[in-house]
């Protein structure tokens, strides 16, 4: 009986002493403690996608196959016009990142060399400042001081709107390689065209702004995504689009002894038929080399 009473008193004492030995958490926030803020200096915001897509930014451009001069059996230079208002060329005017903006940013940053349009042989390079003056106009406007109501003359800089660039000019070379027995094409240059209007806004003529040497710009165009119909997950770039020739265009000039354009001696439907005839001649040349 005495042993049972002793065990009961010992158990009661241990039960009463348990709160005294309990551990108090150190991270309990009281009313007087300041809230802890977690700030990440490298935070760039949420990803507007399922994953962070880096295939395009890490893509490497393969260099062209070396071509020997002795292997070029036949060659013809062609000048084309790409109209962004055509349905197939709508990606050129994608509002999020227009093709003209890509070329303009690369030329003004010095990542690629831009050339004068005095000729299309890439002979006269332009500085980024010279390209910047092409991409903007300056107007003189009269403003009034809100306090003194005095007239003030200010110079306003108007940046060119990418939507105003509706066409691009391409220079390319078609050639037949004897080593591989194939007809190949290489794009040499790209030039954006802008409309020149009078003071009343009436169209006068079309003027190329500058030439971009395409082989030099391939690295930059390979890192720029292009809108792909039907599949947003496809990592298609501008370099892919141009190399696959996934665009619509028409020929306005071919190499000739007078160095003249088709519109200098043809008009209307005859101009379109002649452009299609040149395209068909290139196809027939390769086709006629084979015997069946």
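Can you confirm whether residue 119 is surrounded by fewer than 15 Cβ atoms within 10 Å (Cβ to Cβ) and either within 30 Å of residue 286 (Cβ to Cβ) or touching a strand residue (DSSP E or B) at 6+ places or on another chain (Cβ under 7 Å) (or both)? Walk me through it before giving the result.
Working: surrounded by fewer than 15 Cβ atoms within 10 Å (Cβ to Cβ): yes; either within 30 Å of residue 286 (Cβ to Cβ) or touching a strand residue (DSSP E or B) at 6+ places or on another chain (Cβ under 7 Å) (or both): yes.
Criteria met by residue 119.
What strands (runs of 3 or more DSSP E) completely inside the range 192-255 contain at least 2 residues that are under 24 Å from residue 282 (Cβ atoms) and touching a residue at least 12 places away in the same chain (Cβ under 8 Å)? Spell out how you get there, then give the answer.
Numbers: elements: 203-208, 211-213, 250-254.
Hits in the range 192-255: 211-213, 250-254.
How many residues does the range 262-276 hold that are surrounded by 15 or more Cβ atoms within 10 Å (Cβ to Cβ) and without any contact (Cβ under 8 Å) to a residue 24 or more places away in the chain?
Residues in the range 262-276 being surrounded by 15 or more Cβ atoms within 10 Å (Cβ to Cβ) and without any contact (Cβ under 8 Å) to a residue 24 or more places away in the chain: 3 in total.
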Review point. Is it true that some residue in the range 278-286 is touching a strand residue (DSSP E or B) at 6+ places or on another chain (Cβ under 6 Å) and within 30 Å of residue 57 (Cα to Cα)?
Key: no
Check your understanding: Which of the residues spanning the range 96-127 are out of contact with any helix residue (DSSP H, G or I) (no Cβ under 8 Å at 6 or more places or on another chain) and over 30 Å from residue 275 (Cα atoms)?
Key -> 96, 97, 105, 125, 127
Check your understanding: Which of (1) surrounded by fewer than 15 Cβ atoms within 10 Å (Cβ to Cβ); (2) in contact with a helix residue (DSSP H, G or I) (Cβ under 7 Å, 6 or more places away or on another chain); (3) assigned to a helix (DSSP H, G or I) is the odd one out, the single condition residue 74 does not satisfy?
Key -> (3)
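Could you tell me which of the residues 172, 179, 163 is under 30 Å from residue 123 (Cα atoms), in contact (Cβ under 8 Å) with a residue 24 or more places away in the chain and not in a strand (DSSP E or B)? Full working, then the answer.
Values: 172 fails: not in a strand (DSSP E or B); 179 fails: under 30 Å from residue 123 (Cα atoms).
The conditions single out 163.
Computed from the coordinates by the stated procedures, all read-outs in this text should not be read as laboratory data. Small disclaimer: the values here were computed from a predicted structure and weren't measured. Don't worry about glycine lacking a Cβ; one is built from the backbone with ideal geometry, like all the others, and counts go over all protein chains shown.
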